[in-house]
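The values are calculated or read from the model by the stated rules, or taken from the named source; none is laboratory data. Here the structure is a predicted model, which is why all the values come from computation and not from measurement. Positions of Cβ are backbone-derived with ideal geometry, glycine not excepted, and every protein chain shown enters the neighbour counts.
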Amino acid sequence: MRPLLFFAIAFLIFFSFTWLTVRQLIRLHPRRKGWILAIAVAGNLMWPFFPWLRAMTPISRVVRATLGPLWFGWTSFALLYSVFLLLVLLAWIPFARKHAFAQFARWPSRVFLITLGIGFVVGVYQALVPLRVERVPVRIAELPASAEGTKIALLTDLHVGLFTRRSRLQRIFAETNAARPDAVLIAGDMIDDDPHFVPKLLAGTSALSPEIPLYGVLGNHEIYGDPPAVIEGLKGSRMRLLVNEGTPLRDLWIAGASDRAASQQPQTQHLAPDLAKALQGKPPSSMAIALSHQPTIIADARRLGVPLALAGHSHGGQLGFRPLRWSLAGVFLPYHMGLYDVAPTQLYVSTGTGYWLLPFRLGMTPEITILELTAGTAGSAGWQ
């Protein structure tokens with residue numbers, strides 16, 4: 001009953017925004033009524049399929065990949081347009097006696113829609129074409145001498161799915177390979193729920209030199225799908241999946257923790273994150289690096305005295321402005337992008353290498369992170 005109730009409440013809330021958006025768009029732009037209705041219908045076709053959203057069938061894959069982006073795009077637009085209408089309404093109140101609302105709001109609405117259209121085109125381009133190689137020097141007092149200069153490539157949130165281009169994956173791993181890292185780590189959400197896409201992910205890794213170790217951890221989208229199938233699909237493959245376990249890298253210890261989403265479902269409780277378990281077997285002389293999908297790993301990393309933690313998950317909200325270190329995700333998450341100094345741990349949060357559902361990343365181009373480890377005290381540039 002609880003999922004059904006949640007679905008009903010969500011539907012009523014979003015339907016309210018849809019109704020308001022469609023009604024006002026037709027009122028302000030009556031000549032575009034046909035287009036408005038067609039786009040609104042297309043954006044809401046996903047609702048009847050929500051109860052089967054997690055099904056791992058060919059039909060569900062096509063539905064998620066085609067109707068999902070339309071639903072997410074329309075829902076985001078309806079929310080934004082509703083907020084815009086509220087602001088215009090407040091601006092109109094002083095002029096209410098001189099101008100009807102439709103007359104007052106028509107041109108602002110046109111400007112808003114044109115601006116959104118341009119932003120959407122740019123955001124789609126930035127999600128699908130460029131790749132940003134972010135080089136991040138990390139100074140760590142506890143770094144063993146043998147690990148000086150170690151380069152770790154961090155990829156996150158690839159979300160490999162039906163429409164993920166194999167050429168794009170090849171390019172991601174080829175550019176990662178060109179940086180000549182000592183190891184490549186993937187911080188979860190490697191696939192978009194369905195383990196059917198694990199072979200596509202592994203095919204993309206062929207561009208990575210076989211001499212470079214490749215490690216990964218589970219993300220919430222692997223947990224939402226079929227985590228045992230993902231674990232089985234990666235067993236013995238090019239990538240070693242760390243499920244609450246660690247592995248040596250020079251005099252470093254990569255401690256891979258599972259995803260916290262596993263704690264929220266009875267059938268996946270055995271996969272709940274356990275950083276302490278991942279640290280078992282670490283030689284006393286080595287330094288630990290915690291690898292987890294969600295930045296919430298920082299709490300356990302600090303408690304256990306891990307000097308460095310790596311995560312993703314935020315996507316930078318897929319909308320932001322890097323020069324100001326601002327992202328939409330920062331409105332909701334305390335750690336959303338970049339390097340943070342949260343003594344005794346430093347945390348790096350990648351803004352992601354792929355995208356979720358909608359191919360849109362305005363100002364948050366896909367990121368390949370190269371972390372270069374050196375001995376020393378954490379710099380003042382870290383965020384507190």
For N220: the one exception among (1) closer than 27 Å to L275 by Cα; (2) touching a Ser or Thr at 6+ places or on another chain (Cβ under 8 Å): (2)
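Hey, any hits in the stretch 57-64 for a residue that's within 25 Å of Y81 (Cα to Cα) and either in contact with a helix residue (DSSP H, G or I) (Cβ under 9 Å, 6 or more places away or on another chain) or not assigned by TED's automatic domain parsing to the domain that holds L358 (or both)?
First, the residues of the stretch 57-64 that are within 25 Å of Y81 (Cα to Cα): 64.
Cutting the leftovers down to either in contact with a helix residue (DSSP H, G or I) (Cβ under 9 Å, 6 or more places away or on another chain) or not assigned by TED's automatic domain parsing to the domain that holds L358 (or both) gives us 64.
Among the residues of the stretch 57-64, at least one is within 25 Å of Y81 (Cα to Cα) and either in contact with a helix residue (DSSP H, G or I) (Cβ under 9 Å, 6 or more places away or on another chain) or not assigned by TED's automatic domain parsing to the domain that holds L358 (or both), which makes the answer yes.
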Qualifying residue in the stretch 214-222 (condition: touching a Leu at 6+ places or on another chain (Cβ under 6 Å), among the charged types (D, E, K, R), buried (at least 18 other Cβ atoms within 10 Å of the Cβ) and modelled with pLDDT of 95 or more): no
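Of everything in the stretch 223-240, what is of a type in the set (S, T, Y) and buried (at least 18 other Cβ atoms within 10 Å of the Cβ)? Give them in sequence order.
Taking the stretch 223-240 and keeping what is of a type in the set (S, T, Y), we get 224, 237.
Once the filter is applied, which keeps residues that are of a type in the set (S, T, Y) and buried (at least 18 other Cβ atoms within 10 Å of the Cβ), the stretch 223-240 yields only Y224.
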Close pairs from the stretch 81-96: first within 15 Å of F112 (Cα to Cα), partner of a type in the set (A, V, I, L, M, F, W, C) and assigned to a helix (DSSP H, G or I), Cβ under 6 Å, at least 6 apart: S82/F17; S82/L20; F84/F112; V88/A105
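Would you confirm whether any residue within the stretch 197-217 is aromatic (F, W, Y) and closer than 19 Å to A257 by Cα?
Taking the stretch 197-217 as the starting set, the residues that turn out to be aromatic (F, W, Y) are 197, 215.
Subset that is closer than 19 Å to A257 by Cα: 215.
Within the stretch 197-217, one or more residues are aromatic (F, W, Y) and closer than 19 Å to A257 by Cα.
With a cut-off of at least 3 residues that are among the acidic types (D, E) and either over 21 Å from A290 (Cβ atoms) or in contact (Cβ under 8 Å) with a residue 40 or more places away in the chain (or both), name the strands (runs of 3 or more DSSP E) lying wholly within the stretch 118-229. Spell out how you get there, then give the answer.
On the way: elements: 132-140, 151-155, 183-186, 214-216.
No strands (runs of 3 or more DSSP E) qualify here.
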